[in-house]
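Have a look at the structure below, then the notes.
The values are calculated or read from the model by the stated rules, or taken from the named source; none is laboratory data. Predicted model only: the values in this text are computed from it and were never measured. Neighbour counts run over all protein chains shown; Cβ positions are idealised from the backbone, glycine included. The area values use the complete protein model at the heavy-atom level, side chains included, leaving out ligands, DNA and RNA. Shrake-Rupley method; radii C 1.70, N 1.55, O 1.52, S 1.80 Å.
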Amino acid sequence: MHQPRRRGRRASRRGTAEPVRPALYQLPFEGADVVLVGFFSGKQKDYETVMAEAAARLAADGGRVVARIVQRRGVSDGGVRKMSLPFSSRTLLRQGKVREVAHVADRTDADAVVFTNSLTEHQRLSLTALLGRPAVGLADLLGSG
């Protein structure tokens, strides 16, 4: 009782379609207010320095950091080998911290949320939808240098 495969039911994956490449995100920085967010391992002791350097880079490009939020991951949530991994592959942060970032961004009327960490395209899209404003990684915004 083998049924033949139906043609035309599902779009074929074989094709000459051009692969989708994410564009480098650009934010109009002239006077833009941003919330700076950092995700750090519990072992990383210099996170305040990293946040200060990121804020200085944004200020040098004309942005104004209106708030800084840090998410630190400690050993208690899964051991040392998981400390450098994000809490969520969808949002990088825990949901409570995402709500906190959204609240701070709304309260300060920020134009964008900039993460010190690199974000995948999926994370960028999810966070932009959840936060109600553009979310982007610092390296993607300013270039890798």
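Kindly provide the set of residues from the range 116-136 that are touching a residue at least 40 places away in the same chain (Cβ under 8 Å) and in contact with a Lys or Arg (Cβ under 8 Å, 6 or more places away or on another chain), ordered by number.
Residue satisfying the conditions is VAL136 alone.
Can you tell me how many residues within the range 103-120 are over 16 Å from ALA55 (Cα atoms) and under 13 Å from the mean Cα position of the chain (by Cα)?
Within the range 103-120, residues that are over 16 Å from ALA55 (Cα atoms) and under 13 Å from the mean Cα position of the chain (by Cα) number 2.
This table checks each residue for (1) open to solvent by less than 70 Å² (accessible area, probe 1.4 Å); (2) at pLDDT 90 or above; (3) farther than 20 Å from ALA105 by Cβ; (4) out of contact with any Leu (no Cβ under 9 Å at 6 or more places or on another chain).
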| site | (1), (2), (3), (4) |
| --- | --- |
| MET51 | yes, yes, no, no |
| GLN71 | yes, no, no, no |
| SER84 | no, no, yes, yes |
| SER88 | yes, no, no, yes |
| THR91 | yes, no, no, no |
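Test THR116 against the stated conditions and say whether it is surrounded by 15 or more Cβ atoms within 10 Å (Cβ to Cβ) and of a type in the set (Val, Ile, Thr).
Answer is yes for this residue.
For the range 121-145, enumerate the residues that are more than 19 Å from ALA54 (Cα to Cα) and either out of contact with any Leu (no Cβ under 6 Å at 6 or more places or on another chain) or open to solvent by 40 Å² or more (accessible area, probe 1.4 Å) (or both).
Passing the criteria: GLU121, HIS122, LEU125, SER126, LEU127, THR128, ALA129, LEU130, LEU131, GLY132, ARG133.
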